[in-house]
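S.K.: Quick one: the structure is below, and I'll ask about it shortly.
The values are calculated or read from the model by the stated rules, or taken from the named source; none is laboratory data. Given the structure is predicted, the values throughout are model-derived calculations rather than measurements. Because the Cβ atoms are built from the backbone with ideal geometry, glycine has one as well, and the counts that use them run over all protein chains shown.
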Amino acid sequence: MENLSAGQKLTRAFDKVGEQTSLHLTLGLDATPAELIALSKDDKDPLDAKTARFVSGMEISYDVTSKKAIGKTGEKDVTGQRIALSGPDGELLELRIIGKDALYARADLQQFADLTGEKMPSAAEIPPEAGALGDFFEGDWIKLDLAKLEKFSKEMEKQGAAAGAVPGLGTPSLSPETGKKLFKDLKKAFAGEVTLKNKGEVDGLDQVTATANARSLVDVLFDAVSPYAKDLGMPGEFPKPTAKDLKDIPNKRVAVDFFLKDGALDSASVNLGVLTAEKDDDLGLKAEFGEADAVEAPSGAAELDIEQIAQAMMGSKGAGLDY
């Protein structure tokens, strides 16, 4: 049996992910509602029981499928992407991008209303001029033409610039090629700050732990990510953290545990609680990796006309209406 170093194991594990033609990733907290409430008790706005339950059960998942291996995938090779946000009572939001043509979306707005305490309008209250927006409020699938959406976004950006609008968050446009460059720069940044160590077998999985100083890591990660700010949909002016900003980050070492199954990346976890003032805080963040199911267009989706919605909104403002 080959005796690999911690670095070699982790490199091979990520290489195996790159050999797949699909990727599934989930991200969520590993903390109970009671633990979250206890952690927030000294905050200005401590979590209530309802919010803590939601945050504890919240999970974000991402799927991507390709004609080629993920590590060799170009923008034209991606066949489908799926992003979903789930809570303790089920899925809240799901987006699917099929090829480069269409974006599909659906949401459970009643769950959002229950969480925020805000009343959501019913589908019957949505004016006919809003078209398929009523279907969205009903919880049904809607479809958006990506070419039309991009054209509309550019026109709105031009109007905003002409009106002297302050640039804010943009639309993420990270291509697979740019993603590879970002990953390479992140890998280089990690290499200079992270210490890797084999920790043996845990529940049948091989554990490799990466440890780094949180403050130093944030500094180098910013330098690695900032050139890609526009691609990630961040503000054009993305200010570098000052020395004062970095002082707000605890000068502590944080460890990320990677778990490998048959040499492939299975999951990763980190205790974010070590970054708080209290030594005994425990706030786990866990990521799980795997292969994705096929991402397909849902049937029966009504197409949402962005220009029609914009015209309806402008008309409502002119008439003194608010919806």
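S.K.: Lys68 versus (1) closer than 15 Å to Leu23 by Cα; (2) part of a helix (DSSP H, G or I); (3) of a type outside the set (Ser, Thr, Tyr); (4) modelled with pLDDT of 90 or more: which is the lone unmet condition?
M.R.: Going through the list (1) closer than 15 Å to Leu23 by Cα; (2) part of a helix (DSSP H, G or I); (3) of a type outside the set (Ser, Thr, Tyr); (4) modelled with pLDDT of 90 or more, Lys68 breaks only (2).
S.K.: Hey, does the range 292-301 have a residue that's at pLDDT below 90 and not in a helix (DSSP H, G or I)?
M.R.: No, the conditions are met nowhere in the range 292-301.
S.K.: Restricting to the range 49-65, and then to whatever is hydroxyl-bearing (Ser, Thr, Tyr) and outside any helix (DSSP H, G or I), can you tell me which residue is farthest from Glu296 (Cα to Cα)?
M.R.: Across the range 49-65, the extreme among qualifying residues is Ser61.
S.K.: Still on this structure, I have one more. Could you tell me which of the residues Ser122, Ser86 is touching a Ser or Thr at 6+ places or on another chain (Cβ under 9 Å), free of Cβ contacts under 8 Å to residues at least 60 places away in the same chain and within 23 Å of Glu138 (Cα to Cα)?
M.R.: Testing whether each residue is touching a Ser or Thr at 6+ places or on another chain (Cβ under 9 Å), free of Cβ contacts under 8 Å to residues at least 60 places away in the same chain and within 23 Å of Glu138 (Cα to Cα) leaves just Ser86.
S.K.: So which residues in the range 17-35 are more than 21 Å from the chain's Cα centre (by Cα) and part of a loop (DSSP other than H, G, I, E, B)? Explain how you work it out, then say what you get.
M.R.: To start, the set of residues in the range 17-35 that are more than 21 Å from the chain's Cα centre (by Cα) comprises 19, 32-35.
Of everything in the range 17-35, just one residue is more than 21 Å from the chain's Cα centre (by Cα) and part of a loop (DSSP other than H, G, I, E, B), namely Thr32.
S.K.: Looking at the range 90-109, which of the residues that are without any contact (Cβ under 8 Å) to a residue 24 or more places away in the chain and surrounded by fewer than 18 Cβ atoms within 10 Å (Cβ to Cβ) is farthest from Val55 (Cα to Cα)?
M.R.: Per the criteria, the residue is Gly99.
S.K.: I would also like to ask the following. Report every pair of residues separated by at least 6 positions or lying on different chains whose Cβ atoms are under 7 Å apart, first residue within the range 270-294 and over 19 Å from Glu35 (Cα atoms), second at pLDDT 90 or above and in a loop (DSSP other than H, G, I, E, B).
M.R.: Qualifying pairs under 7 Å: Glu291/Gln20.
S.K.: Would you confirm, using the coordinates I've provided, whether Ser216 is at pLDDT 85 or above, outside any strand (DSSP E or B), out of contact with any strand residue (DSSP E or B) (no Cβ under 6 Å at 6 or more places or on another chain) and of a type outside the set (Val, Ile, Thr)?
M.R.: When the stated conditions are applied, Ser216 passes them.
S.K.: Out of curiosity, is Ala38 part of a helix (DSSP H, G or I) and surrounded by 14 or more Cβ atoms within 10 Å (Cβ to Cβ)?
M.R.: yes
Quick grid of which residues meet (1) within 20 Å of Ile309 (Cβ to Cβ); (2) assigned to a helix (DSSP H, G or I); (3) at pLDDT 75 or above; (4) more than 23 Å from the chain's Cα centre (by Cα):
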position: Lys143; (1), (2), (3), (4): yes, no, yes, no
position: Lys148; (1), (2), (3), (4): yes, yes, yes, yes
position: Phe152; (1), (2), (3), (4): yes, yes, yes, yes
position: Glu157; (1), (2), (3), (4): yes, yes, no, yes
position: Ala161; (1), (2), (3), (4): no, yes, no, yes
position: Pro172; (1), (2), (3), (4): no, no, no, no
position: Leu182; (1), (2), (3), (4): no, yes, yes, no
position: Ala191; (1), (2), (3), (4): no, yes, yes, yes
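S.K.: From the residues in the range 32-54 that are in contact with a helix residue (DSSP H, G or I) (Cβ under 6 Å, 6 or more places away or on another chain) and either in the same structural domain as Leu260 (by TED's automatic domain parsing) or of a type in the set (A, V, I, L, M) (or both), which one is farthest from Lys197 (Cα to Cα)?
M.R.: The qualifying residue farthest from Lys197 (Cα to Cα) is Leu47.
S.K.: Separate question: Let me confirm something: among Gly236, Gly273, which residue is modelled with pLDDT of 80 or more and more than 22 Å from Ala6 (Cβ to Cβ)?
M.R.: Every option except Gly273 fails the conditions.
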